[in-house]
Amino acid sequence: MGSLDTTQTFWSNVEKYLMTTGVPFSPVIITKARGTRLYDASGNSILDFTSGQMSSLLGHSHPEIVEVVCKYVAELDHLLSNMITPPVVDLAERLARFLPAPLQKSFFLNTGSESTEAAIKMAKCHTGNFEIIAFSASYHGLTQGSGSATYSAGRKRGGPCTPGQLAFPAPYAYRSPFRKTDGSYDWETEMDYGWSMIDRQSVGSLAAFIMEPILSTGGILDLPKGYLKRLFVECKKRGMLTIMDEAQTGVGRTGQMFAFENEDVVPDILTLSKTLGCGLPLASVSTTAEIEQGCKEAGFLWLTTHLNDPLTAAVGNKVLEIVERDNICQRAAKRGAQLREGLIKLQEKYWCIGDIRGRGLLQGIEIISDPNTRAPGSDLGQAVSDRAMACGLSCNVVNLPGMGGVFRLAPSVTVTAEEIEEGLQILDEAFGYVLKTIKA
């Protein structure tokens, strides 16, 4: 794959046969992934600070995961969806041990979009209502229901959304216009305003509020302390269910098993995906016995080709086993603190870093183009991202209207202290190089 002719043939075939879906292709051809490293067609090593698509929680090709895949692809891969196998029951039982009461009952799907789609339908079945609230910077997927509850991207050119979709102001402390007299973020008043708008828009059929405990695609927006607790109280007042989407935050990444555990709350429905399968297509929907019974009585139906597949369930069971055995939550908290400390030092050094936010091994860097106006710095952020990749670091930058370029840093929880330092050094070089280039 290293020769010029081979590379040219590769990109020629990409252009000829592969349809684009709105996401620009990376110019780097990856031929191998192992641990926290990617390797390109020329054999260059790249430190992966995105865990693939924020999914490879334990690193790429973890040997125990590989062993499980080999075993089950040879013995018990896929069956009729109504045939329940030991790996599925084992995963449901193990997951229940991590879930706070009264969450207890689970089923297993493939993707985050599918799990949030199912959760939304469950909420509608159980309540008999149809209105769904989501944050204005949300990302819950791009299928019909999940896409209708996604406001950060993907809403254009898709035709009408599902009826009953209502947006709630996302808590964006760095840029929110809601301020106290001392200039600090006034999330309480912002929340009051949000609910006043919901109460005016609702036709009286509120079913659920779907949320991320840290809005990832929306810019690594961590909810202020006390926010979730107050939000849950307001939902309960209105007879709504709460759906927690922990696609990127769940299974230990933030330093806790579930990021919502930062507050004294328990959602009515919890969805997991990316991190649960460690890069394989596995998602879960968990709820209470009461809600399951209500859905059953309402005639809830969710049937897909890969519902409760044994192979991926076996992988998820192994992931949870490793997370518990190897103290992954504590490891994520420790390495996350190291990463955060290094990022703060970079912020002190480079004026274009406007804000650092996140928890554990899910950190965000917001790039600005002017230190006085704090104008978004999307182009600057992309230039830094490109330079970092050229220097051997893969880090994702999200460029969305109304915000700066925000780096999402989410290395696998198996990342070493030395690799964190290596990543920080590359970011340091990338910021210095880009700012020097602009000045010149």
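Assorted remarks:
- Long pairs among Lys229/Lys334; Lys124/Lys236; Lys296/Lys318; Lys274/Lys318, criterion Cα-Cα beyond 21 Å: Lys229/Lys334; Lys296/Lys318
- Averaged over residues, the count of other Cβ atoms within 10 Å places the peptides 80-88, 18-26, 236-244 in the sequence 236-244, 80-88, 18-26, highest first.
- Here Lys180 is the anchor, and the aspartates and glutamates within straight C-alpha reach of less than 15 Å, apart from those fewer than 8 places off in the same chain, are Glu188, Glu190, Asp192.
- In the range 76-326, Cα pairs under 8 Å separated by at least six residues give a relative contact order of 31 percent.
- Prolate/oblate/rounded call for the range 144-268, Cα gyration tensor, a/c under 1.5 rounded: rounded
- Local net charge near Pro100, Cβ-Cβ under 13 Å (Lys/Arg +1, Asp/Glu -1): -4
- Taken as Cα centroids, the range 304-369 and the range 21-47 sit 20 Å apart, rounded to the nearest whole angstrom.
- Centre-to-centre, using Cα atoms only, the range 273-298 and the range 73-134 are separated by 2 Å.
- For the chain, share of DSSP beta bridges that run antiparallel, in % to the nearest 5: 70
- A protection proxy built from the mean count of other Cβ atoms within 10 Å ranks the segments 316-323, 34-41, most packed first, as 316-323, 34-41.
- Overall form of the range 76-326 per C-alpha gyration tensor (a/c, 1.5; a/b vs b/c): prolate
- Taking every DSSP helix (H) stretch of at least 4 residues in the chain, weighting each as -39,500 (n - 2.57) and dividing the sum by the residue count yields a mean residue ellipticity at 222 nm of -12500 deg cm²/dmol.
- For peptides 42-48, 157-163, sequence by mean Cβ density within 10 Å, most packed first: 42-48, 157-163
- Karplus (6.51, -1.76, 1.60) ³J(HN,Hα), θ = phi - 60°, over the range 169-186, in Hz, Gly and Pro reported as x: x, 6, x, 10, 3, 5, 10, 5, x, 7, 9, 7, 4, 8, x, 6, 5, 9
- Dipole in debye (nearest 20) - the range 76-326, about Cα centre, beta carbon charges: Lys, Arg +1; Asp, Glu -1: 540
- Relative contact order %, the chain, counting alpha carbon pairs below 8 Å whose residues are six or more apart: 21
- Our coupling estimate for the range 267-275, obtained by passing each phi through the Karplus curve with A = 6.51, B = -1.76, C = 1.60 and θ = phi - 60°, is x, 6, 9, 10, 10, 10, 7, 1, 5 Hz, Gly and Pro reported as x.
- Options (i) 77, 46, 38; (ii) 88, 57, 41; (iii) 66, 64, 45 - which one matches Cα extents along the principal axes in Å as calculated here: (iii)
- The mean sequence distance of close C-alpha pairs (under 8 Å, at least 6 residues apart), as a share of the length of the range 1-157, puts its relative contact order at 10 percent.
- Karplus (6.51, -1.76, 1.60) ³J(HN,Hα), θ = phi - 60°, over the range 104-120, in Hz, Gly and Pro reported as x: 8, 9, 9, 9, 10, 10, 10, 10, x, 4, 5, 5, 6, 4, 5, 4, 5
- Accessible-area composition of the range 76-326, carbon plus sulfur, in percent [1.4 Å probe]: 54
The values are calculated or read from the model by the stated rules, or taken from the named source; none is laboratory data. Here the structure is a predicted model, which is why all the values come from computation and not from measurement. Neighbour counts are summed over all protein chains in view; Cβ atoms, including those assigned to glycine, are modelled from backbone coordinates with ideal geometry. In case anyone asks, the SASA skips ligands and DNA or RNA and just uses the protein heavy atoms, side chains included. Shrake-Rupley method; radii C 1.70, N 1.55, O 1.52, S 1.80 Å.
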